[in-house]
1. Among the residues of region 17-47, what is the count of those that are under 21 Å from the mean Cα position of the chain (by Cα), open to solvent by 50 Å² or more (accessible area, probe 1.4 Å) and under 10 Å from Ala58 (Cα atoms)?
2. I'm checking my understanding of the structure. Among residues of region 83-103 that are at pLDDT below 85 and assigned to a helix (DSSP H, G or I), which one is surrounded by the fewest Cβ atoms within 10 Å (Cβ to Cβ)?
3. Could you please tell me which pairs satisfy a Cβ distance under 9 Å, a separation of 6+ or placement on different chains, a first residue in region 117-130 that is closer than 20 Å to Ala171 by Cα, and a second residue that is buried (at least 16 other Cβ atoms within 10 Å of the Cβ) and of a type in the set (Asp, Glu)?
4. With the requirement that a residue be free of Cβ contacts under 8 Å to residues at least 40 places away in the same chain and among the basic types (Lys, Arg), what does region 14-37 give you?
5. Filter region 56-66 down to residues that are in contact (Cβ under 8 Å) with a residue 40 or more places away in the chain and under 29 Å from Val113 (Cα atoms), then give me how many there are.
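The values are calculated or read from the model by the stated rules, or taken from the named source; none is laboratory data. None of these values were measured; they are calculated from a predicted model. For neighbour counting, all protein chains shown are included, and Cβ atoms are generated from backbone atoms with ideal geometry for every residue, glycine included. In case anyone asks, the SASA skips ligands and DNA or RNA and just uses the protein heavy atoms, side chains included. Shrake-Rupley method; radii C 1.70, N 1.55, O 1.52, S 1.80 Å.
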Amino acid sequence: HCPRCWVAVALEAVLVDESGRIPAKLASLHEVLTDAMSPSLARHWIAGPSAEVVRRMAGGEVSTTHDTLDDLRLPDGRDRHRMLRAWLVTAGVLEDRNEAIAGVESLIDRDLVGLDATDNDKACLRHYAHFELLRKLRQTQERHDLPGRRGRGTATGKWTPAIGFVRWLTAQGSPL
């Protein structure tokens with residue numbers, strides 16, 4: 001086998017469903033991965049967590065969506081499957097989206113679910129997050145016309161103390 005052919009065959013083991021075929025929705029991903037990987041990279045990737053996610057997608061255990069990948073973020077909010085997401089977008093399996101905004105939205109949702117506070121306090125925080133932080137992040141992204149990380153640090157840098165303040169108020173027995 002040539003290197004590309006070896007990679008194509010090796011990746012089939014990850015992408016096949018119970019019938020032994022690559023599902024139609026993942027056929028384009030197979031091509032993208034085959035083009036993107038060398039044999040050594042493919043060996044390493046096949047043993048990693050992103051390949052396991054693709055196996056589960058191919059087998060129908062999990063849906064092939066951004067939400068599935070969002071649910072698999074690391075505890076600190078980082079996207080452990082960033083490259084897989086990019087390959088799925090390149091293959092046309094997932095729609096392109098602004099990952100900086102999606103990452104901050106995911107952080108906000110995760111923090112609000114885990115926050116021990118009143119519903120009113122959570123509603124105030126959600127309002128602050130959506131109408132202050134995310135609005136400004138979207139404006140920054142549009143102004144620089146470079147969707148990506150620009151402005152994300154500022155949004156998370158303001159969100160973290162806001163959550164901390166509400167936690168402190170809750171510990172003091174005071175509502176926001």
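1. 1
2. Ala102
3. Going by the 9 Å Cβ cut-off, the qualifying pairs are Leu125/Asp111.
4. Arg21
5. Taking region 56-66 and keeping what is in contact (Cβ under 8 Å) with a residue 40 or more places away in the chain, we get 58-60.
So of that shortlist, the ones also under 29 Å from Val113 (Cα atoms) come out as 60.
Count: 1.
Each row is one residue, and each column tells you yes or no for (1) farther than 30 Å from Ser174 by Cβ; (2) free of Cβ contacts under 8 Å to residues at least 24 places away in the same chain; (3) in contact with a His (Cβ under 8 Å, 6 or more places away or on another chain); (4) not hydroxyl-bearing (Ser, Thr, Tyr).
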{"position": "Pro39", "(1), (2), (3), (4)": "yes, no, no, yes"}
{"position": "Trp45", "(1), (2), (3), (4)": "yes, yes, no, yes"}
{"position": "Val54", "(1), (2), (3), (4)": "yes, no, no, yes"}
{"position": "Thr68", "(1), (2), (3), (4)": "yes, yes, no, no"}
{"position": "Pro75", "(1), (2), (3), (4)": "no, yes, no, yes"}
{"position": "His81", "(1), (2), (3), (4)": "yes, no, no, yes"}
{"position": "Ala102", "(1), (2), (3), (4)": "yes, no, yes, yes"}
{"position": "Leu112", "(1), (2), (3), (4)": "no, yes, no, yes"}
